[in-house]
Amino acid sequence: MKTAIINGVIIAPDAIVKGKVLVLEDGTIAGITVSVPAGAHVIDAEGRFVSPGFIDMHTHGAGGADFMDGTVEAYLTAARIHARHGTTLLFPTTLTSTNEALFDSLSTYEKALALSGKDGSAFGGMHLEGPYFAPEMAGAQDPRYLRDPQPEDYIGILDRTRHIARWSFAPERPGSPQFAAELKKRGIVSSIGHTNATFADCDVAFNAGCSLMTHFYSCMSTITRRNAYRYAGVIEYGYWQDGMDIEIIADGIHVPEDLLKLVVKIKGIGQIALVTDSMRAAGMPEGPSILGGLEGGQEVIVEGGVAKLPDRSAFAGSVATADRLVRTMVREGGVALEDAVRMATANPARIMGLDKCKGRLEAGYDADIVIFDEDICIYNTIIKGKEIYVNSSLIFPWPKRPWQ
């Protein structure tokens, strides 16, 4: 059966289209037409925007669940919450931990994968965040498990599963260039993060295969002075290197309004991906929470729309959802809606090697679609042509807060 989405403002790849019909068939997009095919199931967008589904390359959880909890239900719970906010594809992200905890999460992912996309966001592969980070840039990562990349360690992890899609690490640590080369050989996206690297370190990493920077501005070096001389850091390299993509936590807090505008002006729309970096408190009331697994995780406090360490010395992950990212980029970043959508759809699809099937409303692409109003409030989430979330009355589980 075909599905026709009518009365929508369609955010197509090269234009915003009004007065047309988006037709879906067999889980893919059949095309944009002028009429409803005979016998098609009709979804009335009622004048709202029709967009590609949001893709979140970096999320640790939501709805009280974390991907380090080690249960299938934790994976599915987080996916359901993210789907309510327009995410159709996500990449579950780990934290620095013991290898035993990491292997448990990888094994759980394989079990959850078969159930993904049915009533929550689909899974695109695992993103390993750590453990090869700079201690002085660890942020909320547990310093007990930080170490340098050694073949006897990372080869064992890589051989454990075929579902690792991305790995974030600090390129200045001993062994990092060889590690990046191994990731490139296996087709895994390598990303610079939690790092005190110099400009030169980043250039070595880029030439070894690093093509992305993890949560730009968060836990990364900038200009420093050593023996009176200035040295450029990771942020400067990210701006300078045209071939380097960056992701930003566009909640307006991790990257405030002035920096959002600066990033857009210098880096350009085409090389920015919006990510939530959300922890389990996303979609939950504010108050105490836990970063990482329920067993062995770190206590944090959520207040003012962000998670913080208990002493409030640093942020401890985001509680953002994808709709908030798009809304923030429009309201505070000053970008057009279609550009904000691109940063949440087509750009992450390209970065993760999925740009032939995800991130665009174009014939032949997967029918992953979200329908939202001018405030980026989600009404419908569709994955592979199936409506998995409908919220025509916009009933929120908790009172809507200003940053949502």
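The values are calculated or read from the model by the stated rules, or taken from the named source; none is laboratory data. Since we're looking at a predicted model, the values are computed, not measured. Here Cβ is always computed from backbone atoms with ideal geometry, including for glycine, and neighbour counts include all displayed protein chains. Surface accessibility is based on the protein's heavy atoms, side chains included, excluding ligands, DNA and RNA. Shrake-Rupley method; radii C 1.70, N 1.55, O 1.52, S 1.80 Å.
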Seminar exercise, completed: For segment 1-75 the trypsin sites (Lys or Arg not before Pro) that pass both the DSSP coil test and the at-most-11 other-Cβ-within-10 Å test are Lys18
For this session: Please list, or write none, the aspartates and glutamates whose alpha carbon is within less than 15 Å of the alpha carbon of Lys308, excluding same-chain residues fewer than 8 places away.
Result: Asp142, Asp251, Asp277, Glu286, Glu299
Seminar exercise, completed: Once both label points are put 7 Å beyond Cα along the C-beta direction, the Glu100-Met1 separation in nm becomes 5.0
For this session: Taking every pair of Cα atoms in segment 254-346, average 1/r, invert it to obtain the Kirkwood radius, and report Rg/Rh to two decimals.
Result: 1.03
Exercise. Listed highest first by mean packing, meaning other Cβ atoms within 10 Å per residue, what order do 293-299, 221-227, 355-361, 247-253 come in?
Worked result: 247-253, 355-361, 293-299, 221-227
Seminar exercise, completed: So, with points 7 Å from each Cα along the Cβ direction, the Asn391-Ile266 label distance in nm works out to 3.5
Problem set entry | Rounded D (µm²/s) - segment 5-116, Kirkwood Rh over Cα pairs, Stokes-Einstein at 37 °C, 0.692 mPa s | 201
For this session: Give Lys358/Lys384; Lys184/Lys384; Lys265/Lys358; Lys111/Lys384; Lys2/Lys384; Lys18/Lys118 a once-over and call out the pairs whose C-alpha atoms are over 22 Å from each other.
Result: Lys184/Lys384; Lys265/Lys358; Lys18/Lys118
For this session: Please determine, in degrees from 0 to 90 and to the nearest 10, the orientation of helix 99-113 with respect to the longest principal axis defined by the Cα atoms of the chain, where the helix direction is its Cα long axis.
Result: 10
For this session: Compute the acute angle (0 to 90°) between the alpha-carbon long axis of helix 176-185 and the principal axis of greatest extent of the alpha-carbon atoms of the chain; round to the nearest 10°.
Result: 30
Exercise. Can you pull the percent of the chain's accessible area that's carbon plus sulfur, 1.4 Å probe, other chains left in place?
Worked result: 51
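Determine the per residue accessible area of the chain with all protein chains present and a 1.4 angstrom probe, expressed in square angstrom.
So the chain comes to 39 Å² accessible per residue, rounded to a whole number.
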Problem set entry | trypsin sites (Lys or Arg not before Pro) restricted to DSSP loop in segment 262-341 with at most 16 other C-beta within 10 Å | Arg312
